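First the structure, in the form of C-alpha cells, and then the observations on it.
The values are calculated or read from the model by the stated rules, or taken from the named source; none is laboratory data. It should be emphasised that the depicted structure is a prediction, and the values quoted were computed from it without experimental measurement. As a convention, Cβ positions derive from the backbone with ideal geometry for all residues, glycine included, and neighbour counts pool all protein chains shown. Just so you know, the surface numbers come from the protein's heavy atoms only, side chains and all, with ligands and any DNA or RNA stripped out. Shrake-Rupley method; radii C 1.70, N 1.55, O 1.52, S 1.80 Å.
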Amino acid sequence: MRYDPVKDRLGRFFGRHPLLQRLFFALLHLIFLRSWYVRRALRRIFARWPTDRRVRVLDAGTGFGQYAYYVARRYPQAEVVGVDLKTDYLEQARRFVARTPVADRVRFLQDDLTRLQTEGPFDLILAVDVLEHIEDDLAVLRNFARVLRPGGYVIINTPSDQGGSDVHAPGQQSFIDEHVREGYSRELLEARLGEAGLEPVESHYSYGAAGALAWRLLIKYPMLGLQRSTLVYLVLPVYYLVVLPVGLMLNALDVVKQNRSGTGLLVVARKPGS
C-alpha cells in the first residue's frame, strides 16, 4: 500500500491548528507501539545525565516532528535539531513549534542523511523508522558516528526481518511500498552499527504477538480503510472508541514482556569514548 498519501492527508488535517497538532502527536504516541519503546529508551538515557546538562539531540528523519517536540517538552535541558528531506513536513513542523514554549530549543532543517551536512556534535541521535527507507544505510550510520559526541547514544527503531513491514513469506510484498527493505535481524543491525564505529549496548524485539495484534487493530486496518475511501474518516471515531482500549492493553503487554522475537526492533548504540 502507498502509506505516505494517507499519512500526508492526516498530517494536513491536524496541521490546521496547534491544538489539533498537539492532539495528533498525542494520538501518534498513544497508538504506535514503537513510540512506547522509544520513549522508554529516552527515559533511560536521559536518566544518566545531570538535569542541568545541555543535551544536543538530532531527530534524524523527523517527519511531522512529533519526537523533536516531545524531547524538547519532556526534557528542558535538550536542544533538538530535526532533519528531513520533505520540505512540506518541515514547514508544518516549524509553524507548529513556533507557537509553543519550546520554540527556542527546536530547529528544523532540510538534510539528506546519506550526505548529512548538519553540524554536530550531538549527545543523542534518534532514527525512528528511518533506515528501512534508505538504501545506503551504512552511509547514514557512519554519518551518525561522525556527528555524535564520544560517549553519545543512538536510538534506532526499525522493522525486523521476522514479519516487519507485514512480510511473512519469501517474495511477499511489503505493506508499506515506501520501504526499500523489509527489516533487519538483530545481528545484522548490530553488525552495521559496529562497522560504522558504534557499539550496540542494548537491543529489543518489539511487536511480539500482543504488539502485532495491536498494530493490525490500531494501524493496519484503519490505514487500509482510509486508502480505499475517505468516508472511513467518518466511522473512525466510533471504531477507535471500541478498539482503542483493547489496543492499548496489548501495547502495554508487549512492552512489559521480554519478546524473544517480534516484527519490530529497537537498538541503542554508543559512540566509544568518555
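Based on C-alpha pairs under 8 angstrom that are at least 6 apart in sequence, the chain has a relative contact order of 21 percent. Using every pair of distinct Cα positions in the chain, the Kirkwood expression returns a hydrodynamic radius of 19.1 angstrom. Among the DSSP helices (H) of the chain, those spanning at least 27 angstrom by Cα along their long axis with an average Kyte-Doolittle hydropathy of 1.0 or more are 232-256; this is a geometric and hydropathy rule only. Think of a 1.4 Å ball rolled over the protein heavy atoms: the chain then has 46 Å² of accessible area per residue.
Under 8 Å for C-alpha pairs, at least 6 residues apart: give me the relative contact order for the range 200-263, rounded to a whole percent. Across the range 200-263, relative contact order equals 64 percent.
An oblate overall shape is assigned to the range 209-258, the ratio a/c of its alpha-carbon gyration tensor axes (a ≥ b ≥ c) being 1.5 or greater and a/b not exceeding b/c. Taking other residues whose beta carbon is less than 15 angstrom from the beta carbon of residue 76, and scoring Lys, Arg as +1 and Asp, Glu as -1, yields +3. Computed over protein heavy atoms with a 1.4 Å probe, the carbon and sulfur contribution to the accessible area of the range 209-258 reaches 75%. Sorting 27-34, 153-160, 206-213 by average packing, meaning the other beta carbons within 10 Å per residue, from highest down gives 153-160, 206-213, 27-34.
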